[in-house]
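First up is the structure itself, then whatever we jot down about it.
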Amino acid sequence: MRRSRLLNRITIGWNVVEGVVAVVAGVVAGSASLVGFGLDSGIEVSAALVLAWRLAKEDGQGCMAEFDRRATRLISLSFWTLAAYVGVESAGDLLGGRHPESSVVGVVLAALSLAVMPVLARAKRRLAPVLGSQAASSEADQTSLCALLSAVLLVGLGLNAAFGWWWADPVAGLSIAVLAVAEGVRTWRADALEDTCCV
């Protein structure tokens, strides 16, 4: 339980910093994909906070299955809101020929995230069976999604920075939107986190 809480705190801390840096850098560069990546970090923080709250309730207050269901649905809606925003902005940039500036900060951030997130996801995935927790497993899946989004973002920003392929940035944004829709559907259909309190 202690290791799970430590990993959860690391996730929250990393994603808060990542999200703020990504949104600010995205606004400066006019990059919808980078802003979307930052907003996804906010969703990751929300999921980690739900798990943290859940693990705390396990110690003394029993199951909160109905809360889990509501929280899971809210996280799904957050993913769909993210998809709508990034999808519309990226499509507008692509169709309107708006050229986002290259962002060295964004490239570095995406590369760091791509290095850190898979390691964190593996550690969480190994711990989930020990806890007997579907919630912990689902949260590890979301960390894996963050790694995938980092790779998509890195390709888009990298192509724009290296070759001036401005269209790679909004295409990366559209890819992030598609992945966010899929993750929203997966989260909506996931079992409630009720097993977290039944270990």
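Side notes on the structure shown:
- Using θ = phi - 60° and Karplus 6.51 cos²θ - 1.76 cosθ + 1.60, couplings along the range 138-151 (whole Hz; Gly, Pro as x): 5, 5, 5, 4, 5, 5, 5, 4, 4, 5, 5, 4, 4, 5
- Estimated translational D of the range 72-156 in µm²/s (Stokes, Kirkwood radius over Cα pairs; 25 °C; 0.890 mPa s): 166
- Listed residues W167, A190, V86: farthest to the positive end of the dipole of the range 2-197 (Cβ charges): A190
- Couplings for the range 23-32, taken from phi via the Karplus curve 6.51 cos²θ - 1.76 cosθ + 1.60 with θ = phi - 60°, read 5, 5, 5, x, 5, 4, 7, x, 9, 5 Hz in order; Gly and Pro are left as x.
- Residue-normalised convex hull volume from the C-alpha trace of the range 2-197: 88 Å³ per residue.
- Extension reserve of the R70-A84 stretch, reckoned as 0.36 nm per residue once the Cα distance is removed: 2.9 nm
- Sequence-distant residues sharing a close amide H with W165 (under 5 Å, placed H): N160
- Averaged over residues, the count of other Cβ atoms within 10 Å places the peptides 24-36, 8-20 in the sequence 24-36, 8-20, highest first.
- Net lengthening on full extension, R126/R5 (0.36 nm per residue, minus Cα-Cα): 42.2 nm
- Computed packing ranks the peptides 161-174, 143-156 as 143-156, 161-174, most packed first, by mean other Cβ atoms within 10 Å.
- The local environment of E18, defined by Cβ-Cβ distances under 12 Å, has a net charge of -2 under the rule Lys, Arg +1 and Asp, Glu -1.
No lab work stands behind these numbers, since they all come straight from the coordinates. Quick caveat: nothing in here was measured; it's all calculated off a predicted structure. Reconstructed Cβ throughout: ideal geometry from the backbone, glycine too, with neighbour counts over all protein chains shown.
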